[in-house]
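To start, the structure itself, in structure tokens.
The values are calculated or read from the model by the stated rules, or taken from the named source; none is laboratory data. Quick caveat, the model's predicted, so the values are computed rather than measured. Because the Cβ atoms are built from the backbone with ideal geometry, glycine has one as well, and the counts that use them run over all protein chains shown.
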Amino acid sequence: MHSLPRRLFGSLIFAIALPCLLHAQYSVSGTVKDTDGEPLIGVSVLVVGTTTGTVTDFDGNFTVNVPDDRNALRLSYTGFVPQTVEVSRGMAPVDITLDEDVANLEQVVVTGLASTIKRSNLANAVSVVSGEELTGVTSQQTVDGALYGKLTGVNIVQTSGAPGGGYAVRLRGVSSLSGNNQPLFIVDGVYISNVELPSGSRNASGANSASEESASNRIADLNPDDIESIEVLKGASAAAIYGTRANAGVVIITTKKGVAGETKVSFNQDLGFNTIIKKVGRRTFTADQVEQEFGGTTPDQIAAGKAARAAFEAAQARGEIFDYEDIIYGEKGFISDSRLRVSGGSDRTNFFVSGSYRDEDGIIKGTGYERFTARLNLTHQINDRLKIQSNTNFVRSSASRSFSGNENEGGLSYGYTLAFTRDYVNLFPDEDGNYPDNPNFSGNPLQTRDQTRNEEDINRVLQGINVNYRLLQQDNQTLNLVLNGGLDFILSKTFVYVPENFQSQRGRQNGFLAEGKNDLFNYNYSAIAVHDYYTDSGINFTTQAGITYINQSADQLLTQSTQLIPLQTNLGQGAAQEIDQTLLNVEEFGYVVQEEVNLYDRVILTGGLRFDKSSLNGDPNKFFTFPRASVAVNLNEFDFWNTSGPIDQFKLRAAYGVTGNSASFGRLFTSLTNNNIGGRGGFTVDGQQGNSTLEPETSSEMEFGTDLGLFDNKVSLTATYYIRDVKDLLYDRSLPTSSGFSNEIRNDLDLRNRGFEFQLGLNPVREDNFYYRTTLNFWFNRSEITRLGVPDGSEGEDIPSFVPPGVAFGLGLGTFYINEGSPITGLWENVDGVPTQTGDTEPDFQFGWNNNFTLFQNLDINFLFHWREGSELLNLTRLLTNLGNTTPREYDDLTGFIEDGSYFRLREAGINYRIPLNSDVIRGLKVGISGRNIFTITDYSSYDPETSVKGGSGLSTNIEVAPFPSSRQFYLHLGFDF
Amino acid sequence: MKKYNILSLLGLLALFVFSCEIEEQFDPNGPSINSVLTNASKAELDLLVTGIEAGMRNGMAGYVTASGTIARELYIFDADPRNTEDLLGKGDLQLDNNTFYITGPFNSRYQVVKNVNILLEALDNTDSVSEAEKQGYRAFGNTIKAYMLSQVLDMLGTNGIRLDVSDPENLGPFLSQDASYDAILDLLDGANSALSGAEFPFFLSEGFRGFNTPQTFSQFNRAIAARVATHAARYDRALSYVNASFLNLDGDLSEGVEHIFGTVAGDLLNPLYKQEGQSGDQLVVHPRIIANATPGDERLDKFRLRVQDTGQDGLNGAYETALYATATSPIDIIRNEELVLIYAEANINLGNLEEGERALNIIRNAADIGDYSGPVTQEALIDEMLYQRCYSLWGEGHRMWDLRRYGRLNANFLPIDRAGDDVFTQFPIPLSEGV
């Protein structure tokens, strides 16, 4: 049955071994099995001190030719501890048992642009999240949302709870003020875009900026189920080789690949529902309270109080006291997620094909998200020197997000309308479908829900090509050329419609229609040569050098039409049209060199340099240098180490690296914008002063840590301390606005982030019928502004403390404030006219606790707790409900709007049962139930302490204004393997 | 051996290291400021003029409504609580120096000043127009600049204004209130002198119809000067300015200069227009305005009985603004009615009580409430003049300064709606000014 593949394997072995035949050599054969006695297929067998080797076949067998002067084989296999076996000429076939790698020490981690290193030799705390950890417990909406609590050093906020996502990922604190605080995402070598594409809804809602439109970030387009693993390079010391794109860290996503062998088909179906994470509640009233709280002492106020009481009593008599929070946010949104995967391959060609369709309704009627993805990952070995790999992903998604977040008099954002809507007022449409005006606000939330639209549609193609050409293979060295190219093409359409009879529209815009067409095209390529060299004594040198290039372009067209013809949703059917176009073009080019020296796995030294230039810098052809250096020492590999002691692994490591970040596009220029009066166009300054000499901000990081493995690696421990200095931070400073400009971009601010990350993995029980593994993650970060203008005490222009533009709503309510010596994440407000720090958005610490049980081999129980302690929020939703007198009475005694946002949450939990089958057709059948955000313990008075009204960029976290409430999800899972 | 391979590696890399030269960048999204500062064409100068006129409208609503709230002319009922809290001094709240009610008007006024300064610098560096034409551009620019600065001074009061702002890196000091008035009047006088012999090669909008030649624009310049002198309580100068303006005691009181609005791309809608019956975004007339009204006063048609008289934040009012009929109705910059009132005020303060009374009667009769019948004393006529200003200029950004210069911007003269509310007399200098 297996004869054909075996023959093919044989010829592969022959091909690999061919160059060695010229030398005097002997043959060794053997079998590799796991601890249960099952043969392991595809185990890599390498002759130590050479590049010669083979892989095991379907029965775990191998035969390899060993040169006369060599006497050891090294066997390695993903997920298992490698083993070195002594061999000699004429020996009998060897039986080898590999142990499972419970501590993940052998996991391979990307360290250069084209090289990998196994985890036990790594000098950085690179977090790796496997596809299983990502999606194994529960069904995930988006990749970024699925990460939280699973790795150290990360802080994630939700910019919108609307279906389709809206997350901001921040690694090891703030690294930039000028926008790009989000890590670089690379999927199979493609630098992918994570933009939020604004819809122009601000022009109807009155929101202050595009960032307040609560758009999704486009990582949402990835199907989490396609992911094999995610590596997170959190700081500069790990990410330096990515140069000016890596200041906020790098997230490297690898998608699943096919494996040679039988074709595997699996189909998974999740059914579930969304429900609001927490209802804040509504203020309860008696008739007396209505009169008192809506009335007053002056004649007008007394009359108003009496009128309100009469209306309340009449409504009560009719039984029409509504709970509008429940009416708007109380939907149970149905979720269906179907995924099909087919993978397999021959000895030369492997494939992975997947398709997925997710259809999700939100907690507000009419909101929802649909995503269709298709993927083909193909690997083909053209000959023993040349391998080509292609990863193609097509995504089509659409989201209906309705209106949430900040606005000004648009009457659209639910949080606003609900804050002012009184529950005794009937806002339901009459029998002709006419919605009554909201007597207390500029919009009727029921009309918003039923008659407005805010939609985004995405068509996206991601394509990565990877070519690996082995130029040279000799006994002790190889030279590979790795060519990598990627493109990311997004064609997006946004659509916003507010009918002409909407309350806030009448008399002004008389209906609002906006359609955006965004065309984003990014491509990148790199060419890297990697040279591996083994000395006779077994020291390994890996040298790599190459070039990288990135090109990004965007054409964003927003057309809006107002003064609409009734009931028309065609851009032409309005009396006033306006067009905005935003163009972008960025080019970056860099050189990379890196040298890695591995002394018998005992000491691993790495040094590298990257030289980058970018059109975003003032001088587009000036190269900036980003060095890195690291050392890892595996004490347990030294001869003096007592291998019979309890400590299996003891590594000390230190790493240093520098990354950069260029200013966002357009900041080099001081431009005029156009305005119009009486049909004639004019020029005006637009408030933003550019700077044509900008240089990138840099982040240099020193990281120290230790990795310990104890008691057969049943206990593993990782501790890391880092100091990350962000120098010459690009920041917008509020200018004295009497200059005619409201802000300028500057380069003279330094910031220090320090933090500690600790991970404890325990695997105390590994019995057949009871397997338990738990991971405890603990981390915190502290920041301090170390320089503003010139350092204290030296000559030159010092910059006074200032409120960064556009991050919050002024010192009157609370905002971020840049003050030398203070954290950058502080919340400040005017206390007696003096800016005073009254909160800090940075958590005191965070703690993630992941638990995996396997009972009786077939029952998996997993749950993940997440505790965030001491992170303050500015809750301006309550400011609104206070004003509208709708704050629940239990919060009457809260003073101020800065609140503690600590919480303890059961983020994920799932129970899965693999039904034992003896069928030739169905190889596996799995059923399960799970949930996400199942319960939260918090004192926070609003929906969810993970929130941000200003989107994902800059400093914006923990400012809450009328968000789309987060949801809880519950699922039923069905999985079939064929 | 090793050396050989490193060489081959380098040789290989050389294949890929091609010369990747990144081109010099330009902004694909708009013209650069530098392109107009040197060798500006006439078209560019004209675009700047239009930009200045259009830009004046930004932030104007804040100037009118924030000062009107403090002067207890109106309430702003919208989604921003600071309009009913900070501005009325609810509880312990003070006016904040980093909040939109001051930063909005302040920033937008100075943005126009910047546009004027760009125009002035562009004129110094171009030969595309004649000297007489340059004089015309400059006189227009400086008049508008002075007008904008006067509004900043209104809001900041004794904090004064920053006059010299042409170099963003080296901003001049904040002047005292008196010196600020001097500077603004000097600027207006200078512009007015420049108008003689000047030419206007540019077009102004319909809002300047009748005031778009150097001669007629001069009358607008003098009218603004009269208002500024009045705010400064320099009544002798106010009288001479108002006499040189388009004051017409027998003419149409509505004659004047306006901001116009439109639905065209880049244009604005009238920010002070509020839809009838609209609740969540409304300017509500302060009850005292209604309570003190004279029955039959035709100016009461500025107020409309609300459909829903619900209040907000403990404040109530039965009437809403009806100043503007549609979202594209123009807003007056200055009109004859105000000039007549300035003429009356100057005369009363200079002791010409009968001339003052005569002017007030013009206003009274236009409002159909008959001649003044009270005592003809300076004190009584000041009361009467302020009363007439209240109804003639309601909701147009005057009341706070009117009350202030007569020492009436305080709780002795104004009602306190909620216990603990305060009456503020001026706005703080924005935080970003760093003073």
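Some points to look at:
- First in region A:727-742 and more than 9 Å from chain B (Cβ to nearest Cβ) and of a type outside the set (S, T, N, Q), second anywhere and in a strand (DSSP E or B) and crowded, with 24+ Cβ neighbours inside 10 Å, Cβ under 6 Å, 6 or more apart: A:Asp728/A:Glu697; A:Leu729/A:Glu697; A:Leu729/A:Leu751; A:Leu730/A:Glu697
- Residue match in region B:329-352 (condition: without any contact (Cβ under 8 Å) to a residue 60 or more places away in the chain, away from chain A (no Cβ under 14 Å), closer than 28 Å to B:Ser240 by Cβ and surrounded by fewer than 16 Cβ atoms within 10 Å (Cβ to Cβ)): yes
- Breaking point among (1) away from chain B (no Cβ under 12 Å); (2) modelled with pLDDT under 85, for A:Ile799: (1)
- Hey, B:Leu187 under 29 Å from B:Leu268 (Cα atoms), buried (at least 18 other Cβ atoms within 10 Å of the Cβ), within 11 Å of chain A (Cβ to nearest Cβ) and modelled with pLDDT of 95 or more or not: no
- Single condition B:Thr158 does not satisfy, out of (1) under 21 Å from B:Ala66 (Cβ atoms); (2) within 14 Å of chain A (Cβ to nearest Cβ); (3) loosely packed, with under 15 Cβ neighbours inside 10 Å; (4) not acidic (Asp, Glu): (2)
- Considered as a group, the residues in region B:25-65 that are farther than 20 Å from B:Phe140 by Cα and facing another protein chain (nearest Cβ under 7 Å) include one that is modelled with the lowest pLDDT, and that residue is B:Gln25.
Residue-wise test of (1) within 14 Å of chain B (Cβ to nearest Cβ); (2) β-branched (Val, Ile, Thr); (3) over 30 Å from A:Lys256 (Cβ atoms).
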site	(1), (2), (3)
A:Glu409	yes, no, yes
A:Leu427	yes, no, yes
A:Asp430	no, no, yes
A:Asn440	yes, no, yes
A:Asn466	no, no, no
A:Arg470	yes, no, no
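- A single entry from A:Gly660, A:Gly682 fulfils the requirement of being crowded, with 19+ Cβ neighbours inside 10 Å, part of a strand (DSSP E or B) and within 14 Å of another protein chain (Cβ to nearest Cβ): A:Gly682.
- All positions within region A:485-506 that are surrounded by 24 or more Cβ atoms within 10 Å (Cβ to Cβ) and either part of a loop (DSSP other than H, G, I, E, B) or not assigned by TED's automatic domain parsing to the domain that holds A:Tyr191 (or both): A:Phe502, A:Gln503, A:Ser504, A:Gln505
- Residue among A:Glu578, A:Glu596, A:Glu588 that alone is in contact with a Leu (Cβ under 8 Å, 6 or more places away or on another chain), among the acidic types (Asp, Glu) and within 9 Å of another protein chain (Cβ to nearest Cβ): A:Glu588
- Within region B:255-355, strands (runs of 3 or more DSSP E) holding 2 or more residues that are touching a Leu at 6+ places or on another chain (Cβ under 8 Å): B:282-285, B:319-321, B:331-335
- Just so you know, in region A:326-379 the residues that are of a type in the set (Phe, Trp, Tyr) and crowded, with 20+ Cβ neighbours inside 10 Å include one that is nearest to A:Leu462 (Cα to Cα), and it is A:Phe352.
- Among (1) buried (at least 22 other Cβ atoms within 10 Å of the Cβ); (2) part of a loop (DSSP other than H, G, I, E, B), the one test that A:Thr448 misses: (2)
- Considering region A:663-679, the residues that are within 7 Å of another protein chain (Cβ to nearest Cβ) and either touching a residue at least 12 places away in the same chain (Cβ under 8 Å) or more than 21 Å from B:Lys42 (Cα to Cα) (or both) include one that is surrounded by the fewest Cβ atoms within 10 Å (Cβ to Cβ), namely A:Thr673.
- Condition broken by A:Glu409, with the remaining ones in (1) surrounded by fewer than 17 Cβ atoms within 10 Å (Cβ to Cβ); (2) among the charged types (D, E, K, R); (3) in contact (Cβ under 8 Å) with a residue 12 or more places away in the chain satisfied: (1)
- Residue in region A:456-468 that is surrounded by 21 or more Cβ atoms within 10 Å (Cβ to Cβ), in contact (Cβ under 8 Å) with a residue 24 or more places away in the chain and small (Gly, Ala, Ser) present: yes
- Residue check for B:Ala66: buried (at least 23 other Cβ atoms within 10 Å of the Cβ) and assigned to a loop (DSSP other than H, G, I, E, B): no
Okay, residues lined up against (1) outside the structural domain of B:Pro168 (by the TED database); (2) among the polar types (S, T, N, Q); (3) under 18 Å from the mean Cα position of the chain (by Cα):
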{"position": "B:Asp46", "(1), (2), (3)": "no, no, no"}
{"position": "B:Asn58", "(1), (2), (3)": "no, yes, yes"}
{"position": "B:Leu95", "(1), (2), (3)": "no, no, no"}
{"position": "B:Gly104", "(1), (2), (3)": "no, no, yes"}
{"position": "B:Leu120", "(1), (2), (3)": "no, no, no"}
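- B:Glu121 meets each of the listed conditions (1) in contact with a Gly (Cβ under 8 Å, 6 or more places away or on another chain); (2) farther than 25 Å from B:Pro428 by Cβ apart from (1).
- Candidates A:Ile824, A:Ile861, filtered to the one that is assigned to a strand (DSSP E or B) and touching a strand residue (DSSP E or B) at 6+ places or on another chain (Cβ under 7 Å): A:Ile861
Quick grid of which residues meet (1) crowded, with 21+ Cβ neighbours inside 10 Å; (2) under 24 Å from the mean Cα position of the chain (by Cα); (3) not assigned by TED's automatic domain parsing to the domain that holds A:Ile934:
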| residue | (1), (2), (3) |
| --- | --- |
| A:Tyr817 | yes, no, no |
| A:Val831 | no, no, no |
| A:Asn852 | no, yes, no |
| A:Gln857 | no, no, no |
| A:Arg868 | yes, yes, no |
| A:Leu874 | yes, yes, no |
| A:Asn882 | no, no, no |
| A:Tyr891 | no, no, no |
| A:Leu894 | no, no, no |
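- The listed residue being part of a loop (DSSP other than H, G, I, E, B) and more than 14 Å from chain A (Cβ to nearest Cβ), out of B:Asp402, B:Asp421, B:Asp368: B:Asp368
- Among the residues of region A:743-762, those that are more than 14 Å from every other protein chain (Cβ to nearest Cβ), over 20 Å from A:Ala125 (Cα atoms) and surrounded by 20 or more Cβ atoms within 10 Å (Cβ to Cβ) comprise A:Leu749, A:Leu751.
- Test set (1) free of Cβ contacts under 8 Å to residues at least 60 places away in the same chain; (2) closer than 16 Å to A:Ala240 by Cβ; (3) acidic (Asp, Glu) - A:Asp612 fails condition number: (1)
- Only one of A:Tyr414, A:Tyr435 that is within 31 Å of the chain's Cα centre (by Cα), buried (at least 18 other Cβ atoms within 10 Å of the Cβ) and closer than 25 Å to A:Thr569 by Cα: A:Tyr414
- Among the conditions (1) surrounded by fewer than 23 Cβ atoms within 10 Å (Cβ to Cβ); (2) more than 14 Å from chain A (Cβ to nearest Cβ); (3) more than 25 Å from the chain's Cα centre (by Cα), the only one that B:Leu381 does not satisfy is (1).
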